[in-house]
Amino acid sequence: MRKNSIVLALVAAVGVCPSMVKADTFVSIGIAPPALPLYAQPPMPGDGYLWTPGYWAWSDFNGEYYWVPGTWVLAPFVGALWTPGYWGWSGGYYRWNGGYWGTHVGYYGGVNYGYGYVGVGYRGGYWNNGRFSYNRNVNNVGNVHGAHYYSETVPSSYNRVSYSGGQTGVRSQPTREESMIATMPHNAQTEPQNRHVTVSRGTDGQRVSYNHGMPAIAATPEPGKFNSPYVVASRPAGPSGSNSHPAVQRNPTHGSAHHR
C-alpha cells in the first residue's frame, strides 16, 4: 500500500540574502527508504565548498527510491550552512522533509549521514571572519591551497538507518534550539543542487531496483558531475562494528592551520 503526495510550500522571506526563501518539500509514502550506503568522500574541489550528504529520494514516475549522491556544493552566501533533508515516520507514512541553507544547522531527524553530520548539528567546519574552516578529521581536503583547517575528533561509526521515528527508525526529537532554527529564514537548495537531483533521478543505476542499495555513484566531487574521475562508489558493509565511512584522506602540508 502506498500513498504519494507532494506539497511544495514557498514562503518569501528576508534575512541573510535578498533571494532568500523558506522552502519545505514533503513527500509521503508507505515504503521505508533503504539503509544509507557506505562510501568515501571525494576530495574537496576548492575553498568555499561545503559537503552535502547523499540521501534516498523518491521518484513518483518510477515508483521507487533512487540515490542522490553526496557532493561538494559551493556555499550560496557567506555564513551559509546546509541542513540535510530527512525521512521521518508520521501518521503511518514516511515523509520527506527537504534540506535547506541557513545560518544555522537545524533538525534533520537525528540521522547520522557521516562526514560531520552526526545526527545533531554539523561538526565538519564553521565560518570565521568570512572564511570557512574545515575539520580535516572528517573532510577530504585534498590539495586545496589557502583554505583554513583545524582538527577535531568526531565519532565515525553510525547505524546506517536513513529515517527517523517509527519502530525501527532513529529515536530523535528536535531540541529547543533546533525548533527555533526551523522558524528562521532559509534558502532552498541551489540550482546546481536541483540539477544534481535531476541527473540522479534520470540515471538508471541510481534506482534501488538496479543497485539494490549499493549505488555505483555514491558521491561526486561537484553537483551533476557523474563522469568525473573522482566519483566514488558505495562499498559493502564490513564485519560487525565496522559500519563506518572510510577515514578521510588528509594533506596537512596544504592550507593554513586554524583552530577554534
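Hey, does segment 179-200 have a residue that's farther than 24 Å from Val73 by Cβ, in contact (Cβ under 8 Å) with a residue 12 or more places away in the chain and of a type in the set (S, T, N, Q)?
Yes, some residue in segment 179-200 is farther than 24 Å from Val73 by Cβ, in contact (Cβ under 8 Å) with a residue 12 or more places away in the chain and of a type in the set (S, T, N, Q).
Could you identify the single residue in Tyr122, Tyr113, Tyr107, Tyr94 that is more than 16 Å from the chain's Cα centre (by Cα) and buried (at least 18 other Cβ atoms within 10 Å of the Cβ)?
Within the list Tyr122, Tyr113, Tyr107, Tyr94, the selection yields Tyr94.
Given (1) farther than 17 Å from Gly116 by Cβ; (2) modelled with pLDDT of 95 or more, identify the lone condition not met by Arg171.
Of the numbered conditions (1) farther than 17 Å from Gly116 by Cβ; (2) modelled with pLDDT of 95 or more, the odd one out for Arg171 is (2).
Would you say Thr25 is under 18 Å from the mean Cα position of the chain (by Cα), at pLDDT below 95, not aromatic (Phe, Trp, Tyr) and not in a loop (DSSP other than H, G, I, E, B)?
yes
Is there a residue in segment 137-155 that is part of a loop (DSSP other than H, G, I, E, B), over 21 Å from Gln41 (Cα atoms) and out of contact with any His (no Cβ under 9 Å at 6 or more places or on another chain)?
There is no residue in segment 137-155 that is part of a loop (DSSP other than H, G, I, E, B), over 21 Å from Gln41 (Cα atoms) and out of contact with any His (no Cβ under 9 Å at 6 or more places or on another chain).
From Val144, Val208, grab the single residue that is at pLDDT below 95, out of contact with any helix residue (DSSP H, G or I) (no Cβ under 9 Å at 6 or more places or on another chain), crowded, with 16+ Cβ neighbours inside 10 Å and over 19 Å from Gly98 (Cα atoms).
So the residue among Val144, Val208 that is at pLDDT below 95, out of contact with any helix residue (DSSP H, G or I) (no Cβ under 9 Å at 6 or more places or on another chain), crowded, with 16+ Cβ neighbours inside 10 Å and over 19 Å from Gly98 (Cα atoms) is Val144.
Could you list, in sequence order, the residues of segment 211-240 that are buried (at least 20 other Cβ atoms within 10 Å of the Cβ) and either assigned to a helix (DSSP H, G or I) or of a type outside the set (Val, Ile, Thr) (or both)?
If the condition is that a residue be buried (at least 20 other Cβ atoms within 10 Å of the Cβ) and either assigned to a helix (DSSP H, G or I) or of a type outside the set (Val, Ile, Thr) (or both), then Asn211, Pro215, Ala218, Ala219, Pro221, Pro223, Lys225, Ser234 are the ones that fit.
Which fully enclosed strands (runs of 3 or more DSSP E) of segment 75-129 have 1 or more residues being farther than 19 Å from His186 by Cα and polar (S, T, N, Q)?
Output list reads 86-90, 125-128.
If we keep just the residues of segment 156-168 that are in contact (Cβ under 8 Å) with a residue 60 or more places away in the chain, in a loop (DSSP other than H, G, I, E, B) and not β-branched (Val, Ile, Thr), which is surrounded by the fewest Cβ atoms within 10 Å (Cβ to Cβ)?
Among residues in segment 156-168 that are in contact (Cβ under 8 Å) with a residue 60 or more places away in the chain, in a loop (DSSP other than H, G, I, E, B) and not β-branched (Val, Ile, Thr), the one surrounded by the fewest Cβ atoms within 10 Å (Cβ to Cβ) is Asn159.
The values are calculated or read from the model by the stated rules, or taken from the named source; none is laboratory data. All values derive from a computational prediction rather than experimental measurement. Positions of Cβ are generated from backbone atoms using ideal geometry, with glycine treated the same way; all protein chains shown enter the neighbour counts.
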